[in-house]
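One structure is given below, encoded as structure tokens.
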Amino acid sequence: MLAVYCGAASVSSCINEAGDPPGGTTGGGTGLDFTLDLNDNAYSSLKSVGNYLIVDKVVVARVSEDAFAAVTLICTHENRTKIIYKGSGFYCTEHGAKYTITGEGLNSDGKKGIKAYNTEFTDSTIRVYA
Ligand code: FES
């Protein structure tokens, strides 16, 4: 079961429990690889630049019209699952660690950086993979 959380500054609560994995997760541990269809209501908030979703403990953000970024939900500061996308980078709401869209640390709490994933955007489909 995947938990899907919508994120936008103006949305106070928008939480879905998606019953099925998004289009094809790979089995077996380390090979994170899934696709999201923007025409699916569960993921349609990613049609807007600046929004993000949390899917399978990955924060997927639309950083521009034609680009996405994805990092793990788990902060490297104290392992809290509180990463969001904010402005032009990723941010931990626990103590304020900041990361670039490629996962580099931007302040002392974020100095270890964070695991970033590859993204591929084709038509209305986003692939996120390790
Ligand atoms: S756990 Fe993320 S900043 Fe401390």
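Points to keep in mind about this one:
- Per-residue ³J(HN,Hα) for segment 59-74, Karplus 6.51 cos²θ - 1.76 cosθ + 1.60, θ = phi - 60°, Hz, x for Gly and Pro: 8, 10, 10, 8, 8, 6, 4, 10, 9, 10, 9, 9, 9, 5, 6, 8
- 10 °C / 1.306 mPa s Stokes-Einstein diffusion coefficient of segment 54-130, Kirkwood radius on C-alpha pairs, µm²/s: 130
- Pairs from the table (K57/K115; K47/K112; K57/K82; K57/K112; K86/K115) lying more than 21 angstrom apart at Cα are K47/K112.
Every number in this text was worked out from the coordinates using simple rules, so none of it is lab data. Being a predicted model, the structure only gives us computed values, none of them experimental.
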